[in-house]
Amino acid sequence: MLSLAKVDAAQARKIISIVWLTVLVLFFAAFVAGCTAAASSKGAASGGLKFAAAWSVIITAAVAALGTLIMRKAQTPLAMGGFLGSVSVLSMQYLILTAVFGSEAQEAGKDDKEYSDNVAFSVFSFILFVVFAVFGFLFFSFKHHLIRTFSLDTHSSDFAIEDDPQDFGQPGYSLPPAPDFNQQRGLGQHPKSVDL
């Protein structure tokens with residue numbers, strides 16, 4: 001078994017890519033099941049169930065598109081954190097949909113087409129709950145391999161650190177004088193008072 005602590009960046013990206021492709025394939029299967037469940041819903045709660053099935057499919061499609069874009073191009077900490085949060089919320093949403101559509105399947109007759117459609121969507125919702133949860137766990141575990149960080153150029157004169165940062169806040173420590181940017185630009189000093 002592969003230990004998560006010993007995974008290098010290339011393996012982490014490969015594992016995340018495989019799990020993400022699995023999520024996308026299962027999403028398309030859930031899309032079909034959701035469409036059939038929404039089309040065959042009858043009864044008092046059918047309007048809400050149709051909306052829940054359609055909305056979950058729309059949100060998952062949006063997260064799938066944005067997630068693919070973020071993982072390929074915008075691997076900043078903010079984008080990746082937002083993506084991880086949305087995946088976690090989707091996982092919980094599919095757990096709730098599993099319970100809702102499973103309950104509706106129990107209320108429908110076993111010979112009814114609505115029963116089989118609700119069971120199918122409930123099963124795919126549970127599978128997506130598990131897959132999104134696993135993806136979120138792996139994504140969180142491999143975040144140090146996936147997130148690109150950008151550092152400031154510390155060799156620039158504007159960002160040069162002259163003092164040891166550990167001395168900051170110690171008794172007797174004073175901040176270095178601020179640079180005079182006007183003098184560096186050749187603008188000279190401004191007079192302190194103006195006589196009129």
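The values are calculated or read from the model by the stated rules, or taken from the named source; none is laboratory data. These numbers come from a predicted model, not from an experiment. Methodologically, a virtual Cβ is constructed for each residue, glycine included, from the backbone with ideal geometry; neighbour enumeration extends over all protein chains shown.
For the range 118-130, how many residues are buried (at least 20 other Cβ atoms within 10 Å of the Cβ) and more than 15 Å from residue 53 (Cα to Cα)?
0
Go through the range 29-44 residue by residue and tally those that are modelled with pLDDT of 70 or more and exposed (fewer than 12 other Cβ atoms within 10 Å of the Cβ). Give the derivation first.
Taking the range 29-44 first, the residues modelled with pLDDT of 70 or more are 29-36, 39.
If we keep only those that are exposed (fewer than 12 other Cβ atoms within 10 Å of the Cβ) as well, we get none.
Residues that pass the stated criteria total 0.
For residue 109, which of the numbered conditions (1) without any contact (Cβ under 8 Å) to a residue 60 or more places away in the chain; (2) in a helix (DSSP H, G or I) fails to hold?
(2)
Do you know which residues across the range 77-98 are in contact (Cβ under 8 Å) with a residue 12 or more places away in the chain and over 14 Å from the mean Cα position of the chain (by Cα)?
Correct list: 93, 94, 95, 97, 98.
Would it be correct to say that residue 115 is surrounded by 14 or more Cβ atoms within 10 Å (Cβ to Cβ), without any contact (Cβ under 8 Å) to a residue 12 or more places away in the chain and aromatic (Phe, Trp, Tyr)?
Values: surrounded by 14 or more Cβ atoms within 10 Å (Cβ to Cβ): yes; without any contact (Cβ under 8 Å) to a residue 12 or more places away in the chain: yes; aromatic (Phe, Trp, Tyr): yes.
Yes: the conditions hold for residue 115.
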